[in-house]
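The values are calculated or read from the model by the stated rules, or taken from the named source; none is laboratory data. Note that this is a predicted model, so its numbers are computed, not measured. Here the Cβ is made from the backbone with ideal geometry for all residues, glycine too, and neighbour counts use every protein chain on show.
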Amino acid sequence: MVNDPLESLAIFGATPAFNEQLHVGRPNIGDRAKLLARINKILDDRWLTNNGPFVQELERRIAETAGARHCIAMCNATVALEIVIRALELSGEVIVPSFTFVATAHALQWLEITPVFCDIDPKTHNLDPARVEQLVTPRTSGIIGVHLWGRACDVAAVTEIATSHELKLIFDAAHAFGCSHRGTMVGSFGDAEVFSFHATKFFNSFEGGAVVTNKDELAKKIRLMKNFGFAGYDDVVYVGTNGKMTEVSAAMGLAGLEALDEFIAINRRNYEQYRQALAGVAGVSLLTYDEREKCNYQYIVLEIDETVTGISRDQVMEILWAENALVRRYFYPGCHRMEPYRSLFPDAGLLLPETNRLTARVLVMPNGSAVSPEDIATLCGIIRTVVENGALVSGRLKQSAASRSA
Ligand code: T4K
């Protein structure tokens, strides 16, 4: 380290710490030989999609892992959400958090249902049940809770609200495959739950998702709807769409499932390293996972409190990007400040103070098998240097910005 700690930073002219870009969502890939063997079989058998044998096997194994009676694999979680919403005949208004990936809200809006944005509990980052209750109106038909970062939302409280107002209840469990809540695996809560197996998730099928549910009739309907409503050759019984997962995706999913424990162990090791390396850095807190639960440890979430650090989350991000570390500020700026919601509900933010506060503080760090312990040590070293000299760095950044615009 040079004498002036700031001189070691790429943003002030030093060589970037990483030669190649470091990503938050680098995919985990299971045993390549097994994956390729399955792909060869797909090609040999010429069965590429439409409920093929690998999709069926994946569905069985996901249902087993999630402890649900039914799993319906899909092309992605967004379409899976849309299909569940339609199958449950939601209409009017549905209560959702704004602090989520925009797909949760879009799935409703796409079906011309109004997402009503609810604030979160700043400690859990999940729906605040007290606020949910206040948003129920005669037009409300359902609630979509999100298990953000894989940490389940307050399932009992939200279920009670849904039951007492006769609302349907869906959980967007895009982050929560392999996670438990009070000892029960995520997968059997509410009317249905939806997983994402997108490339950036710790377990992926390239693109993919699944609906899991314990409700037999609902599962049957969803299965028909994701295949155009076909109940048999030439026999369409519902309006449907194309939500099918391909065999190649299922092959990737099966390879991932075989390596699931390994992926989780790597994530957990990385999480522990971040935790230790950032311990005691004032104003930087790491979102923790409950040791008593099963957890996929996918998301390494930092909260940066500028009132303590003297440097903002966005400035820390700018510094890390200059080092080639493409950290992300999920889920900034919050769905309510994205279109079309920003224009449709310009005042929504008034009821979302915690969401607004959190979207300015959160920074998500790289995790997974593509990140090495050396990478994490370097990242945490930079964060420590920057935060421990927060006011100085912030001042220098403002100076450089001013001289650039002069
Ligand atoms: N609900 C919730 C709560 C969700 O978080 C999501 C998805 C959904 C629903 C919908 O699920 P899907 O319909 O997607 O199954 C990414 C993912 O695209 C998205 O699936 C995910 N959430 C979200 C949290 O993250 P972006 O816009 O950040 O993606 P992008 O392209 O910026 O990629 C993220 C990072 O990963 C980049 O640094 C690049 C890197 N990357 C990405 C891909 C695709 C790779 O290194 N390799 C890759 O193959 O949304």
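Here are the numbers for this structure:
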item	result
Enumeration of residues in region 329-380 that are surrounded by 19 or more Cβ atoms within 10 Å (Cβ to Cβ), of a type outside the set (Ser, Thr, Tyr) and within 15 Å of the chain's Cα centre (by Cα)	Phe331, Gly334, Cys335, Val362, Leu363, Val364, Met365, Pro366, Asn367, Gly368
Lone unmet requirement of (1) aliphatic (A, V, I, L, M); (2) more than 14 Å from the ligand (Cβ to nearest atom); (3) crowded, with 17+ Cβ neighbours inside 10 Å; (4) in a helix (DSSP H, G or I) for Ala130	(3)
Criterion violated by Ile29 - all others in (1) surrounded by 18 or more Cβ atoms within 10 Å (Cβ to Cβ); (2) hydrophobic (A, V, I, L, M, F, W, C); (3) within 16 Å of the ligand (Cβ to nearest atom) satisfied	(1)
Sole exception among (1) over 25 Å from Phe101 (Cα atoms); (2) touching an Asp or Glu at 6+ places or on another chain (Cβ under 8 Å) for Glu354, by number	(1)
So Val155, is it in contact with a His (Cβ under 8 Å, 6 or more places away or on another chain), touching a residue at least 40 places away in the same chain (Cβ under 8 Å), under 21 Å from Asp191 (Cα atoms) and surrounded by fewer than 24 Cβ atoms within 10 Å (Cβ to Cβ)	no
Index of the failed condition, Phe189 passing every other in (1) more than 13 Å from the ligand (Cβ to nearest atom); (2) outside any loop (DSSP other than H, G, I, E, B)	(2)
Whichever residue in region 206-222 is part of a helix (DSSP H, G or I) and under 24 Å from the mean Cα position of the chain (by Cα) and, among such residues, is nearest to Glu64 (Cα to Cα)	Ala219
Residues of region 252-288 satisfying the condition of being touching a strand residue (DSSP E or B) at 6+ places or on another chain (Cβ under 9 Å) and in a loop (DSSP other than H, G, I, E, B)	Ala279, Gly283, Leu287
Enumeration of residues in region 359-393 that are within 16 Å of the ligand (Cβ to nearest atom) and in a helix (DSSP H, G or I)	Thr359, Asp375, Leu379
Residue that is farthest from Cys71 (Cα to Cα), among those in region 85-107 that are hydrophobic (A, V, I, L, M, F, W, C) and within 12 Å of the ligand (Cβ to nearest atom)	Phe99
Scan of region 192-215 for residues that are under 20 Å from Ala265 (Cα atoms) and away from the ligand (no atom under 11 Å from the Cβ), ordered by number	Phe202, Phe203
Residue in region 233-243 that is in contact with a Gly (Cβ under 7 Å, 6 or more places away or on another chain), among the polar types (S, T, N, Q) and within 16 Å of the ligand (Cβ to nearest atom) present	no
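Let's see how each residue does on (1) within 14 Å of the ligand (Cβ to nearest atom); (2) outside the structural domain of Leu379 (by TED's automatic domain parsing); (3) of a type in the set (S, T, N, Q):
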site: Leu9; (1), (2), (3): no, yes, no
site: Phe12; (1), (2), (3): no, yes, no
site: Gln21; (1), (2), (3): yes, yes, yes
site: Gly52; (1), (2), (3): no, yes, no
site: Thr65; (1), (2), (3): no, yes, yes
site: Cys71; (1), (2), (3): no, yes, no
